[in-house]
Amino acid sequence: FIKENKLKTNKSDKIEFYEHRFLLDILRDNNKNIVVQKCVQAGVTFTVVIKILHLGNKENLSILYVLPSGKDARDFAVSKFDPVVEQSKLRDSVTKTELGKTNVWSSALKKIGGSYYFFRGAQSESGAQSIDGDIVVNDEYDFQPAASRKMFQERLEGSKSKGINYCIGYPIS
């Protein structure tokens, strides 16, 4: 998937795992629930981005990527997620609305192929309302309010949901 779509890091570097082979375990793990307790700057977030792009490329999914605040979600989408897609072959899959007038590509919502990627902040429980999810990624899990985490988890309860949840974080105490 990485080679086929010519994926690079958000800084335009070649993707390699020589110094972080443990990240390959995350890519290969097909469990519906993956929890990663990590140190900062270990490459886990980037690896999960590759994973959700791959899963969203295989079938039409609704993917919610949750960070502690709306500003965190916006900054992440624009500086980390967007460059990976924009400099790859996936950019050709950015989909237009049904009316064909505009691409679905904002800091909060992207449509790549048949999959939707929602970027939300956990500080507002309303950020999860009206979105059904196949995959929920809780990044910086430890900094998200418990009530919001619960609300986003409920997005996976639909009868047709894939029920996939990835939690990424590091202990804060």
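Looking at segment 3-61, which of its residues are aromatic (Phe, Trp, Tyr) and surrounded by 12 or more Cβ atoms within 10 Å (Cβ to Cβ)? Matches in segment 3-61: 17, 22, 46.
Determine whether residue 122 is at pLDDT 80 or above and out of contact with any helix residue (DSSP H, G or I) (no Cβ under 7 Å at 6 or more places or on another chain). No. Evaluating residue 69 against the criteria (1) among the hydroxyl-bearing types (Ser, Thr, Tyr); (2) buried (at least 20 other Cβ atoms within 10 Å of the Cβ); (3) touching a Gly at 6+ places or on another chain (Cβ under 9 Å) leaves one unmet condition, (2).
Across segment 44-79, what is the total count of residues that are in a helix (DSSP H, G or I) and in contact (Cβ under 8 Å) with a residue 40 or more places away in the chain? Break it down stepwise before answering.
Going residue by residue through segment 44-79, those that are in a helix (DSSP H, G or I) are 44-58, 70-79.
With in contact (Cβ under 8 Å) with a residue 40 or more places away in the chain added as a condition, the list becomes 44-45, 48, 50-57, 70-74, 76-77, 79.
Residues that pass the stated criteria total 19.
Of all residues in segment 23-41, those satisfying the criterion of being within 23 Å of residue 88 (Cα to Cα) and in contact with a helix residue (DSSP H, G or I) (Cβ under 8 Å, 6 or more places away or on another chain) are 23, 26, 27. Filtered by the rule that a residue be at pLDDT below 95 and more than 18 Å from residue 16 (Cα to Cα), segment 43-58 gives no residues. Output yes when any residue across segment 83-104 is assigned to a loop (DSSP other than H, G, I, E, B) and under 23 Å from residue 152 (Cβ atoms), and no when none is. So far as segment 83-104 goes, yes, one or more of its residues are assigned to a loop (DSSP other than H, G, I, E, B) and under 23 Å from residue 152 (Cβ atoms). Residue-level check: of (1) modelled with pLDDT of 95 or more; (2) open to solvent by less than 60 Å² (accessible area, probe 1.4 Å); (3) in contact with a strand residue (DSSP E or B) (Cβ under 8 Å, 6 or more places away or on another chain), residue 111 misses just (1). Set side by side, the residues 41, 37 differ, and just one is free of Cβ contacts under 8 Å to residues at least 12 places away in the same chain and more than 13 Å from the chain's Cα centre (by Cα), which is 41.
The values are calculated or read from the model by the stated rules, or taken from the named source; none is laboratory data. Not measured: the values here are computed from a predicted model. Note that each Cβ is placed from the backbone with ideal geometry, even for glycine, and that neighbours are counted across all protein chains shown. Only protein heavy atoms, including side chains, enter the accessible area calculation; ligands, DNA and RNA are left aside. Shrake-Rupley method; radii C 1.70, N 1.55, O 1.52, S 1.80 Å.
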